[in-house]
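The values are calculated or read from the model by the stated rules, or taken from the named source; none is laboratory data. Keep in mind that what you see is a predicted model, and the values were worked out from it rather than measured. Cβ atoms come from the backbone with ideal geometry, glycine included; neighbour counts cover every protein chain shown.
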Amino acid sequence: MGERRPTLPLTGGCSCGAVRYEITSFPLLLYTCNCTNCQPASGSAFALNMPVATKGFRIAKGEPKGWHHLSPSGAEVASWFCGDCGARIYGSRKSRPESMNVRAGTLDDTSWLTPAAHMFMRSAQPWVAPWVAPRASPAADAECHEVGPDDFRPLAKKWRAMWPEFFPDE
C-alpha cells in the first residue's frame, strides 16, 4: 500500500477539467484489468479500475458523454468520456446499477493507489507480469488471476482489510 492515506471526498476529472467528479464513499476495490478489451480502451497495457458505490459518486462539473455498447460477455455497458478532451472517466453496467468503475488514473491524488489484484493476466503484456519479480512490484501482495474471479467477494474483503479506517465494521 502507498505511504499516503486518502481522505474523503475523493475528487477527480478529465484531462482538460471540463468534467469533474466527487466520490464520498471509499472505493469498493482497486484492480488492474489486462484484458484485450481494456488495453485499446485505455490506450495502455491495462486499465486501473476502481469500483465505487453509485450513491457515493456525483458529477460536480460538466456532462460526460456516453458510449453504449455490449461487453464481450454480452452485458449492456456504457463508457463515459469527456466530450472535449475524450478522457474516459468511468463505466457503468445496466446489470450492476449499485456500482460503477471509475478509471483510477483520473483521481486528483493517485499517490495512494495500490491494486489488490491483477485481472486477465493471460493477456497481460510481458513486462507487466508481477510474478517475474514479485518483491520488486509495488503491488507485491496483489492477487493475480488468469481471467477475472467468479466471485469478487473474497477480493473485496481483502481490499477492506487493507483500509480498516474506511471499513471499521469489518
Looking at (1) of a type in the set (S, T, N, Q); (2) closer than 27 Å to W163 by Cβ; (3) not in a loop (DSSP other than H, G, I, E, B), which one does Q39 not meet, given that it meets all the others? (2)
Filtering segment 1-21 for residues that are surrounded by fewer than 19 Cβ atoms within 10 Å (Cβ to Cβ) and part of a loop (DSSP other than H, G, I, E, B) leaves a count of 12
Restricting to segment 39-57, name every residue that is modelled with pLDDT of 95 or more, out of contact with any Pro (no Cβ under 6 Å at 6 or more places or on another chain) and either buried (at least 22 other Cβ atoms within 10 Å of the Cβ) or not charged (D, E, K, R) (or both). P51, A53, T54, G56, F57
Scanning segment 88-127 residue by residue, the ones that are over 18 Å from K158 (Cβ atoms), at pLDDT below 90 and surrounded by 16 or more Cβ atoms within 10 Å (Cβ to Cβ) total 3
Specify which of the listed residues (T36, T24) is surrounded by fewer than 20 Cβ atoms within 10 Å (Cβ to Cβ), touching a helix residue (DSSP H, G or I) at 6+ places or on another chain (Cβ under 6 Å) and either modelled with pLDDT under 85 or farther than 19 Å from S111 by Cα (or both). T36
So the check is Cβ under 7 Å with 6+ separation or different chains; which pairs have a first residue in segment 157-170 that's over 15 Å from W112 (Cα atoms) and at pLDDT below 90 and a second one that's among the small types (G, A, S) and outside any loop (DSSP other than H, G, I, E, B)? E170/A161
